[in-house]
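Visitor: I have a structure here, written as structure tokens, and I will follow up with some questions on it.
The values are calculated or read from the model by the stated rules, or taken from the named source; none is laboratory data. Model, not experiment: these values are computed from the prediction. Methodologically, a virtual Cβ is constructed for each residue, glycine included, from the backbone with ideal geometry; neighbour enumeration extends over all protein chains shown. Heavy atoms of the whole protein, side chains included, go into the accessibility calculation; ligands, DNA and RNA do not. Shrake-Rupley method; radii C 1.70, N 1.55, O 1.52, S 1.80 Å.
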Amino acid sequence: MIRSRLAFAAASTLMLAGCQFFSGSDAAAPKAPSAAESPAPNAGRAADPVESPFGPGPEQTDGEAEDSVISGAATATVDGLGRLTINGANGAGFVAKRAVPAGGAAEADPALLQGADWGVEDLNRGGVIDNTRLTLTFGADGKVWGSTNCNRFNGTFTATATSVSFGPLAMTRRACTGEALSLQQRKYMDALGGVMAWTIEADGALVLTGDAGKRVLLRR
């Protein structure tokens with residue numbers, strides 16, 4: 001998760017199709033727009049539309065609550081799905097997501113793979129052995145590492161908006177305590193070989209799929 005502090009100048013609001021369209025600056029209050037600069041009533045919506053307001057404060061409309069969030073100090077975070085959350089000092093806030101372009105889906109950002117460990121919940125649609133933990137972690141420097149529950153591994157990866165490819169993965173040589181664990185380790189390392197397609201589902205799960213039925217479902 002990415003977190004930052006923001007300080008917004010007072011935002012000006014315009015009526016837009018019955019909802020509020022806001023504008024402003026994170027450095028200084030903007031000059032009042034001239035008639036020529038004012039957006040038309042049916043102008044395009046903001047790039048990051050509001051997805052789910054947390055709700056206005058006492059005696060506030062939704063639009064007034066949003067204005068209070070972006071006026072003054074605020075905290076901004078971006079979660080693993082790329083959703084932006086802004087919380088104002090007064091407790092009000094809202095969540096936004098990047099708009100989907102007309103006629104197509106928004107391109108996934110490979111940076112969403114990076115950060116905290118992903119834990120494997122399913123391997124090739126066969127589940128995982130109870131009380132075992134298989135992990136995968138993508139670093140910002142192109143490094144990847146994780147655990148097969150028996151051993152640690154590390155290597156490199158290259159990701160695009162739709163696929164991820166793993167370089168040779170080096171692994172420690174500790175023996176697993178049982179054939180079932182050894183088999184699970186082999187399946188996991190085999191699944192991570194070559195190029196895999198990746199998607200992040202609506203519930204936050206990461207799904208990696210490859211040829212020959214390879215599929216790894218992971219979750220933070």
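Visitor: Looking at region 126-141, I want the residues that are closer than 12 Å to Arg219 by Cα and have a partner that is loosely packed, with under 12 Cβ neighbours inside 10 Å and of a type in the set (A, V, I, L, M) with Cβ atoms under 8 Å, at least 6 apart or on another chain. Which pairs are those?
Guide: Thr137/Ala116
Visitor: Now for a separate question. Answer with yes or no whether Glu121 is at pLDDT below 95 and either within 27 Å of Thr77 (Cβ to Cβ) or assigned to a strand (DSSP E or B) (or both).
Guide: Judged against the criteria, Glu121 is not a match.
Visitor: Sticking with this one: Could you go through region 138-161 and let me know if any residue there is under 23 Å from Gly178 (Cα atoms), out of contact with any strand residue (DSSP E or B) (no Cβ under 6 Å at 6 or more places or on another chain) and assigned to a strand (DSSP E or B).
Guide: Within region 138-161, one or more residues are under 23 Å from Gly178 (Cα atoms), out of contact with any strand residue (DSSP E or B) (no Cβ under 6 Å at 6 or more places or on another chain) and assigned to a strand (DSSP E or B).
Visitor: A further question follows. Anything in region 187-220 that is more than 16 Å from Arg125 (Cβ to Cβ) and in a helix (DSSP H, G or I)? List them, or say none.
Guide: Across region 187-220, the qualifying residue is only Met189.
Visitor: Checking the conditions here, which among Gly127, Gly178, Gly193, Gly167 is in contact with a Gly (Cβ under 7 Å, 6 or more places away or on another chain) and either farther than 30 Å from Thr77 by Cα or open to solvent by 60 Å² or more (accessible area, probe 1.4 Å) (or both)?
Guide: Unique residue meeting the criteria: Gly167.
Visitor: Got at least one residue in region 87-95 being open to solvent by 40 Å² or more (accessible area, probe 1.4 Å), at pLDDT below 75 and closer than 19 Å to Gly204 by Cβ?
Guide: Within region 87-95 (the criterion being open to solvent by 40 Å² or more (accessible area, probe 1.4 Å), at pLDDT below 75 and closer than 19 Å to Gly204 by Cβ), the answer is no, since none of the residues qualifies.
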